[in-house]
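S.K.: Dropping a structure here in structure tokens format, bear with me for questions.
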Amino acid sequence: MKYAVLLGDGMADEPLDELNGRTPLEAAHTPHMDRVAAEGTLGLLDTIPDGFTPGSDVANLSVLGYDPRECYTGRGAIEAANMGVSLGPRDVAFRCNLVTLSDDAPPVMEDFTAGHISTEEAGRIIRDLGEALSDGQRDFFPGVSYRHLYVWRNGEEAMRTTPPHDIVGQPIDRHVPAGEGAGAILAIADRARGILRDHPVNRDRRQQGRRPANAIWLWGQGRAPKIEKLTEKYRISGGMISAVDLLNGMGVYAGLEVFRVPGATGYIDTDYDAKARTALEILDGLDFVFLHVEAPDEMGHEGNLAGKIRAIEDFDARIVGPVLNGLERGGPFRLLVLSDHPTPIRIRTHAADPTPFAVLSSLDVENQRRGNAYGETAARANGLMVSPGYILMEAFIRDWRGFIDRASG
């Protein structure tokens with residue numbers, strides 16, 4: 001049996017007037033996902049436990065079969081695993097965004113991606129911040145584009161921090177870190193802003209009419225979690241494909257081999273085709289693949305409706321279609337297609353609503369909960385709700401037929 005999970009981050013959304021009451025998923029041309037829903041099982045998945053902030057960290061832990069209430073400590077620690085950053089039991093890892101703040105008083109969060117700064121430019125900035133501000137107890141580590149890491153050895157974690165993508169267009173004064181240890185984080189951020197104000201990368205970006213990375217934003221702090229390896233639990237081998245450290249870090253904790261795909265950017269220009277080819281190559285030798293595409297989520301954060309529809313259609317045509325065709329040329333398989341959480345165009349951030357999923361199982365063609373299309377309305381009408389979401393993975397791998405029988409009964 002081969003298992004493939006294809007996840008379009010933030011694909012789910014809300015009905016929009018400009019789409020005549022349809023969601024971007026429902027407006028997009030997605031014949032391959034529609035086929036999975038029509039020939040397989042369609043339902044809704046509840047990936048965000050009560051009391052948790054909706055985000056890709058919590059949601060994808062649920063998708064991978066982990067109960068976030070038992071193992072989630074913070075996004076930073078998960079990303080550290082992918083970056084090869086070792087954390088001691090008292091070390092705290094923070095996600096470090098390069099952002100663009102306005103010159104207002106108080107400053108406004110203009111762009112949580114610093115204009116989708118390139119990895120090369122960002123690397124120069126993070127290295128310079130490290131040289132100026134690291135002291136053996138506090139260190140910076142470069143990541144991809146605007147996404148980086150800050151580690152505080154023997155640090156504090158019991159403070160309130162806010163994801164920067166939640167406050168775009170808002171003054172930051174009510175959202176800066178607060179609580180025990182926050183003073184040290186605010187001091188580092190203030191010193192970094194002084195360094196970045198006239199950094200050579202930012203001078204060049206301003207001259208080119210692009211947004212500067214004039215500040216850092218520290219959030220998502222946590223200590224190293226304790227997570228059972230998915231590969232050991234189910235006695236399977238597998239791989240993770242993603243452009244972002246968060247998902248790759250989850251892959252490390254889950255025991256999956258992380259595959260780096262040239263041209264995978266975490267944005268709408270990512271190389272979908274190379275990702276699909278890599279997924280099929282993985283399944284030639286391993287049992288399981290998790291393929292993550294960030295582009296729909298990024299378009300949702302930008303409020304870019306046309307871009308989100310394009311990202312969904314590219315995901316369907318260039319990921320779902322080729323992988324499904326490749327699976328059908330081989331032996332028995334199960335294919336799971338889903339969004340981890342909604343990223344509605346209207347609010348430009350994550351929402352906690354259940355999200356549609358569809359499973360096609362080649363061995364269980366007579367035992368499905370079929371839908372008429374892949375989308376939020378069809379999934380809701382089908383009447384299958386999987387909650388809590390983390391139970392889906394065990395059913396997907398171990399007993400899909402029994403799971404559907406119980407759900408239908």
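S.K.: Please report 186, 44 as a ranked list, fewest other C-beta atoms within 10 angstrom at the top and most at the bottom.
M.R.: Ordered from fewest to most neighbouring Cβ atoms within 10 Å, 186, 44 come out as 186, 44.
S.K.: What percent do you get for the relative contact order of the chain when only Cα pairs under 8 Å and 6+ apart count?
M.R.: Result for the chain is 32 percent.
S.K.: Apply the a/c threshold of 1.5 to the C-alpha gyration tensor of the range 274-409 and tell me whether it is rounded, prolate or oblate.
M.R.: Verdict is oblate for the range 274-409.
S.K.: With each label point set 7 Å from Cα along the Cα-Cβ vector, what nm distance links residue 118 and residue 174?
M.R.: With each label placed 7 Å out from Cα toward Cβ, I get 3.9 nm.
S.K.: Ok, one more. Hey, can you grab everything whose amide H is under 5 Å from the amide H of residue 215? Only 5+ residues off in sequence or another chain; H modelled, so Pro and N-termini drop out.
M.R.: 99, 101
S.K.: To continue, here is another question. Compare the Cα positions of 179, 253, 403 along the charge dipole of the chain (+1 at Cβ of Lys, Arg; -1 at Cβ of Asp, Glu; about the Cα centre) and return the one farthest towards the positive end.
M.R.: 253
S.K.: Name the shape class, rounded, prolate or oblate, that the alpha-carbon gyration tensor gives for the chain, where a ≥ b ≥ c are the square roots of its eigenvalues, rounded holds for a/c under 1.5, and otherwise prolate holds if a/b is larger than b/c and oblate otherwise.
M.R.: prolate
S.K.: So how far apart, in nm, are the two label points at residue 372 and residue 127 if each is 7 Å from Cα heading toward Cβ?
M.R.: 5.8
S.K.: Report the Cα centroid-to-centroid distance between the range 342-409 and the range 318-332 in angstrom, as an integer.
M.R.: The range 342-409 and the range 318-332 have Cα centres spaced 20 Å from each other.
S.K.: Still on this model: If you put +1 on each Lys and Arg Cβ and -1 on each Asp and Glu Cβ, how big is the dipole of the range 82-222 around its Cα centre, in Debye rounded to 20?
M.R.: 200
S.K.: Would you list, by chain and number, the lysines whose Cα falls below 21 Å from the Cα of residue 233, excluding same-chain residues fewer than 8 positions away?
M.R.: 2
S.K.: Let me ask something else. So which residue, out of 144, 252, 359, gets the largest mean-square fluctuation from a GNM of the chain using Cα contacts under 10 Å as springs?
M.R.: The residue with the greatest mean-square fluctuation here is 144.
S.K.: Let me know the charge dipole size of the range 189-279 about its Cα centre in debye, to the nearest 20, where only the beta-carbon of Lys, Arg (+1) and Asp, Glu (-1) is charged.
M.R.: For the range 189-279, the charge dipole is close to 320 debye.
S.K.: Label points 7 Å out from Cα along the Cβ direction at residue 363 and residue 71: separation in nm?
M.R.: Going from the residue 363 label point to the residue 71 one covers 2.3 nm.
S.K.: Antiparallel versus total DSSP beta bridges in the chain: what percent is that, nearest 5?
M.R.: 60
S.K.: Another question about this same structure. Taking 8 Å as the Cα distance limit and 6 or more residues as the minimum spacing, I'd like the relative contact order of the range 82-222 as a percentage.
M.R.: 34
S.K.: Here's a follow-up. Which one, 18, 294, 39, has the greatest fluctuation when you compute a Gaussian network model over the chain with C-alpha springs under 10 angstrom?
M.R.: 18
S.K.: Just to be sure I understand: with springs between alpha-carbon atoms less than 10 Å apart, which residue in 110, 26, 180 has the highest mean-square fluctuation in the Gaussian network model of the chain?
M.R.: Of the options given, 180 has the highest mean-square fluctuation.
S.K.: Full extension from residue 313 to residue 232: what is 0.36 nm times the residue separation minus their Cα-Cα distance, to one decimal in nm?
M.R.: Additional length available on full extension: 25.7 nm.
S.K.: Just in the range 43-105: which trypsin sites (Lys or Arg not before Pro) are loop by DSSP and have at most 14 other Cβ atoms within 10 Å?
M.R.: Answer by residue number: 90.
S.K.: If you place +1 on the Cβ of every Lys and Arg and -1 on the Cβ of every Asp and Glu, how big does the dipole about the Cα centre of the chain come out, in debye to the nearest 20?
M.R.: Dipole of the chain, to the nearest 20 debye: 480 debye.
S.K.: Mind checking which aspartates and glutamates have their Cα closer than 16 Å to the Cα of residue 226? Skip sequence neighbours fewer than 8 apart in that chain.
M.R.: Answer for residue 226, where 16 Å is the Cα cut-off: 57, 67, 70, 79, 91, listed by chain and number.
S.K.: Report the full-extension gain for the segment residue 29 to residue 257: residue separation times 0.36 nm, less the Cα-Cα distance, to one decimal in nm.
M.R.: Between residue 29 and residue 257, full extension yields 78.8 nm more.
S.K.: On to the next question. Given axes a ≥ b ≥ c from the Cα gyration tensor, I'd like to know whether the range 82-222 is rounded (a/c under 1.5), prolate (a/b larger than b/c) or oblate.
M.R.: The shape class here is oblate.
S.K.: Let me ask something else about it. Can you put 399, 13, 271, 34 in order, fewest other beta carbons within 10 Å first?
M.R.: With the fewest neighbours first, 399, 13, 271, 34 line up as 399, 271, 34, 13.
S.K.: Can you sort 275, 308, 229, 2 so the residue with the fewest Cβ neighbours within 10 Å comes first?
M.R.: Ranked by crowding around the Cβ, least crowded first: 229, 2, 275, 308.
We did not get these values from a lab; they are worked out from the coordinates using the rules stated. Model, not experiment: these values are computed from the prediction. Every residue, glycine among them, receives a Cβ derived from its backbone with ideal geometry; neighbour counts consider all protein chains shown.
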